[in-house]
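Here's the structure we're looking at; comments come further down.
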Amino acid sequence: MDEEMTDVSQPFDLIVVGAGAAGLAAANRAVDLGGRVLLLEKGSRVGGSAALSAGILWTAPDLEVGRRIQPDGDPVLTRLVVEGYEQAVADVRAARVTVSPEWLDHLGWGRACKIDIGDLFARWSAKVGETSGGLLRDVSDVELICDQTGVSGVRFRHAGETRTVAGRAVVLATGGFQGDPELKQRFIGGGADDIAVRSNPRSVGDGFRLGSAVGAAASRHLSGFYGHTLPSPVPVTPEVFLRLTLYFSAYGVIVNRLGRRFTDESLGDEVSNQFVLRQPGKRAVLIWDDEVHQQRALAVPYPSGMALDRHAEATKLGARAAQTDTLDELVQVVARWGVDKTALQSTLADYQRASAGEAVALDAPLPERPSPLRTGPFRALEIQPCITIPFGGLRVNGDSQVLNRDNEPIRGLFAAGADAGGAQDLRYIGGLVFAFVFGRRAADAALLPVDRTDAGHLVSV
């Protein structure tokens with residue numbers, strides 16, 4: 001339905017705030033259930049951060065792996081997302097959108113497929129717009145309306161007018177708070193207020209603030225976030241989000257300006273990324289040899305990924321980059337970037353000895369796959385941390401119901417995607433899949449007239 005024709009005078013079965021992956025998934029499911037849906041988007045385009053992604057739908061292949069990767073993640077939410085993966089893929093296929101064959105070694109352990117994310121969002125948004133409800137873009141000043149029992153609608157501005165709309169339920173899906181310096185510093189800390197944003201910069205905590213205003217509690221894991229390292233001092237723009245992401249850092253050696261390692265690199269670039277934020281100057285240096293360069297850095301990070309010499313590309317864009325014949329020569333160059341030379345020499349020597357099996361005390365655990373550091377030429381890049389989405393947000397249960405501080409559901413209020421927190425901690429087991437699984441579950445819980453008393457209502461605190 002055209003925006004001008006959307007009738008907001010009658011109550012809606014579901015009002016969704018935010019037309020990113022989770023919001024579109026919730027709205028799509030509600031339409032399938034016969035609901036009258038209103039989808040509100042603050043921007044002029046749908047898709048949010050997911051529209052900037054590679055479109056990889058993935059998670060852990062089973063619950064055992066999920067719990068091994070995320071031992072402190074919410075056990076209920078982890079189970080539901082692992083079990084919900086196949087339904088999420090089926091929902092994409094039901095929209096007649098291209099889905100690649102599945103691969104089973106994403107990041108070394110995940111199951112994954114690539115979807116045409118742009119086509120999916122176009123189809124889902126058109127479907128919502130063609131129903132008895134509608135999709136409104138360029139919406140601002142959203143407020144939740146409450147009655148004596150819970151959330152009963154929203155108030156917002158659109159096309160120069162303030163509108164008040166009633167609804168049985170509201171889903172908050174505004175994409176997290178990565179674009180808001182205040183919330184990043186309050187929850188993530190460590191100077192996160194000016195960390196580069198590797199996603200939609202207009203996700204500024206709208207959902208979190210709306211929920212908090214009506215008594216919602218915050219989740220656990222507020223200090224954690226997902227993102228990847230990028231070369232420094234290259235400006236972080238959508239053109240380099242995927243192109244220059246240093247996925248292969250898991251096979252290199254990362255040191256801070258003190259010349260010390262500070263993480264087990266093999267845990268993944270997304271983990272190292274979080275620790276870089278805590279280092280002096282919020283910068284680090286990635287070092288690797290030619291064996292890693294040929295086998296890992298130049299390889300595609302996933303099927304259909306981009307094969308690119310990221311070191312050469314970063315050099316062209318003005319990053320601090322070096323390539324030398326020997327490791328000693330590389331240390332000399334990196335020292336000119338402000339890294340302690342003596343400490344760096346010691347760190348690399350100890351790392352090589354430990355890799356050879358000697359008993360050596362290290363600043364960080366020796367990786368499961370130690371970087372060889374034996375074949376020239378050797379390369380280095382200064383790297384910076386970036387945030388894609390926060391791990392913290394509103395506290396929810398397995399049906400995406402928003403909870404108050406007593407862990408009781410706030411009637412009529414749901415959250416999904418990056419507005420819902422607590423599911424993930426240090427490591428990462430998927431983004432799109434959480435949006436699709438819990439967007440769907442929010443719509444089911446809001447609209448289905450059945451008693452949903454499964455374990456999905458439980459939440460760990």
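The values are calculated or read from the model by the stated rules, or taken from the named source; none is laboratory data. Keep in mind the model is a prediction, meaning the values are calculated, not measured. Heads up, the Cβs are rebuilt from the backbone with ideal geometry, glycines too, and the neighbour counts pull from every protein chain shown. When the accessible area is computed, the model is the full protein with side chains, heavy atoms only, and any ligands, DNA or RNA have been set aside. Shrake-Rupley method; radii C 1.70, N 1.55, O 1.52, S 1.80 Å.
What are the pairs with Cβ atoms under 8 angstrom where one residue, in region 336-365, is farther than 18 Å from Leu286 by Cβ and open to solvent by 70 Å² or more (accessible area, probe 1.4 Å) and the other, located anywhere, is of a type in the set (Asp, Glu) and assigned to a helix (DSSP H, G or I)? Sequence gap at least six, or different chains.
Qualifying pairs under 8 Å: Ala361/Asp350.
Of all residues in region 34-62, which are under 20 Å from the mean Cα position of the chain (by Cα), among the hydroxyl-bearing types (Ser, Thr, Tyr) and part of a loop (DSSP other than H, G, I, E, B)?
Selection gives Ser53 alone.
Out of region 234-255, which residues are in contact with a strand residue (DSSP E or B) (Cβ under 7 Å, 6 or more places away or on another chain), open to solvent by 10 Å² or more (accessible area, probe 1.4 Å) and in a loop (DSSP other than H, G, I, E, B)?
Val236, Val240
When you go through (1) more than 21 Å from Gly417 (Cβ to Cβ); (2) surrounded by fewer than 22 Cβ atoms within 10 Å (Cβ to Cβ) one by one for Leu230, which number turns out not to apply?
Unmet condition: (2).
Before we move on, is Arg36 farther than 17 Å from Phe438 by Cα, open to solvent by less than 50 Å² (accessible area, probe 1.4 Å) and touching a residue at least 60 places away in the same chain (Cβ under 8 Å)?
yes
How many residues are among the small types (Gly, Ala, Ser), in contact with a helix residue (DSSP H, G or I) (Cβ under 8 Å, 6 or more places away or on another chain) and assigned to a helix (DSSP H, G or I) if we restrict to region 190-213?
3
What number of residues within region 18-33 satisfy the criterion of being part of a loop (DSSP other than H, G, I, E, B) and buried (at least 24 other Cβ atoms within 10 Å of the Cβ)?
Total satisfying the criteria: 2.
State which residue is farthest from Gly175 (Cα to Cα) when the search covers only region 185-225 and only residues that are open to solvent by 20 Å² or more (accessible area, probe 1.4 Å) and among the β-branched types (Val, Ile, Thr).
Once the filter is applied, the top-ranked residue is Val214.
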